[in-house]
Amino acid sequence: MIRRALVGAMLMVAAVAVPASAQVKFEASFLFGYTFSEGVSGDAVITPSGTFNSVDVKSGGALGFSVGVVAHNGGEVGFVYSRQMSQLSLSGLNQKDLGDMNIDSYHGYIGYNFMYDTKMNPYIQIGFGATDYGQVNYTNFAGAPGAINGPARFSANIAAGVKFFVNDHFGFRAGAVYTPTYISSTAEGWWCDPYWGCYLVGDNKYSNQFQLQGGFTVRFGGK
């Protein structure tokens, strides 16, 4: 459901943002890289396997693709998908690796390509969508198999890098992407203001990903 909604929203944005009369080109990229990840921490939990206060997401390799529509002035709208190969573990007074986990992210984005009429195009992008923490298969303390279905959460990202085209249709790209994903909130206490009154203050928990990526891009359409 989340995936279909994101793709549909991206297509509607592209249809609105790029006038039919504009001279546009289409770009498709295959991406690969490495993602540095972190999990979230909270109150200590005592289990038969130990005492833990942090759920950790391990760093790992990543693959993905993007498709975009680029206007003659360098403005761009598109959709990007990325999968990180990761592991889920628990830490605290004890440490325990639970199992392998794939992290899928789906983001519609808007961006700008500088010096679009040259072979080298620095770019910036900002995206909004969701990050899906996949299922983890594990063996519990009693030796029985189990599974954890990870959550899908709202996330945003910001990316920057450079594309270099060797001809009108083929090029290479390299860049970096930062993706904070909202996980949950915990109550921290009350804050009182003489004008606004009193309200509950929460501590938002985010799982952060920082990806270094490269790849190649195919450009077609336009003149």
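The values are calculated or read from the model by the stated rules, or taken from the named source; none is laboratory data. Fair warning: this is a prediction, and the values are worked out from it, not measured in the lab. Positions of Cβ are backbone-derived with ideal geometry, glycine not excepted, and every protein chain shown enters the neighbour counts.
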- Does I158 satisfy being surrounded by 14 or more Cβ atoms within 10 Å (Cβ to Cβ), modelled with pLDDT under 85 and of a type in the set (A, V, I, L, M, F, W, C)? no
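Conditions tested, residue by residue: (1) out of contact with any helix residue (DSSP H, G or I) (no Cβ under 6 Å at 6 or more places or on another chain); (2) under 25 Å from L98 (Cα atoms); (3) modelled with pLDDT under 65; (4) not charged (D, E, K, R).
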| site | (1), (2), (3), (4) |
| --- | --- |
| T35 | yes, yes, no, yes |
| V40 | yes, yes, yes, yes |
| D43 | yes, yes, yes, no |
| S49 | yes, yes, yes, yes |
| S66 | yes, no, no, yes |
| G74 | yes, no, no, yes |
| V80 | yes, no, no, yes |
| S86 | yes, yes, no, yes |
- Restricting segment 110-132 to residues that are within 11 Å of the chain's Cα centre (by Cα) and crowded, with 22+ Cβ neighbours inside 10 Å, the one nearest to P180 (Cα to Cα) turns out to be T131
- Sole miss for L90 among (1) under 28 Å from G161 (Cα atoms); (2) surrounded by 15 or more Cβ atoms within 10 Å (Cβ to Cβ); (3) at pLDDT below 75 is condition (1)
- Note on the structure: Of F170, F128, the only residue that is at pLDDT 90 or above and more than 18 Å from F32 (Cα to Cα) is F128
